[in-house]
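Rule-based calculations on the coordinates, nothing more; no lab input. Quick caveat: nothing in here was measured; it's all calculated off a predicted structure. In this analysis, Cβ positions are derived from the backbone assuming ideal geometry, glycine residues included, and neighbour counts consider all displayed protein chains.
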Amino acid sequence: MKTLKIALFAIILGLTLPLFHSCGKYPDGPNFSILSRKTRIENVWAQTETVYASGTVEQNPDPGYTTEFTSDGDVFYSNGTFTLSGTWDLINDKKDLRISYPGVGNIDFEIRRLKAKEMWLKNSNGDVFKYEPD
């Protein structure tokens, strides 16, 4: 009887593990998260790296600049003395992030990686912006 339970458990585990692998919505991960996408975005982020489409990498491109995403959909881009305010939303089945600034318009990013302490956004030029909480 114990052998049957172990075999049944192994079969169920084998059938469900591939489901977890397919849960990942973003190309660079994570494959699974308990936190909602919106909750993972809500934070004050500092850009740590830019990987340009050409392959060039720039470390800490804008020191002192932060982007804050609030739970009510507001976004604040700041360099310490100047702040640009707008709104944000998830679009395209939550695969993309849209930031809207009055007078500037919409800026859409493909979300490449979204964790509580790491976010990678790709623009239409193919540049990837990497962020960590400030």
What's the exposure ranking of Thr39, Thr67, Thr50, Thr56, going from fewest to most Cβ atoms within 10 Å? Thr56, Thr39, Thr50, Thr67
Taking a ≥ b ≥ c as the square roots of the eigenvalues of the Cα gyration tensor of the range 33-133, is the shape rounded (a/c under 1.5), prolate (a/b larger than b/c) or oblate? rounded
Tell me the net charge near Gly86. Cut-off is 12 Å between Cβ atoms, Gly86 excluded, with +1 for each Lys or Arg and -1 for each Asp or Glu. -2
Take Phe76, project a point 7 Å from its Cα along the Cβ direction, then tell me which residues of the range 38-60 have their backbone nitrogen under 15 Å from it. 42-46
Residue by residue through the range 61-72, what is 3J(HN,Hα) from phi via Karplus (6.51 cos²θ - 1.76 cosθ + 1.60, θ = phi - 60°)? Round to whole Hz and write x for glycine and proline. x, 9, x, x, 8, 9, 10, 10, 10, 9, 5, 8
Please order Ile91, Ile99, Ile34 by the number of other Cβ within 10 Å, starting at the fewest. Ile34, Ile91, Ile99
How do Ile107, Ile41 rank when sorted from fewest to most other Cβ atoms within 10 Å of their own Cβ? Ile107, Ile41
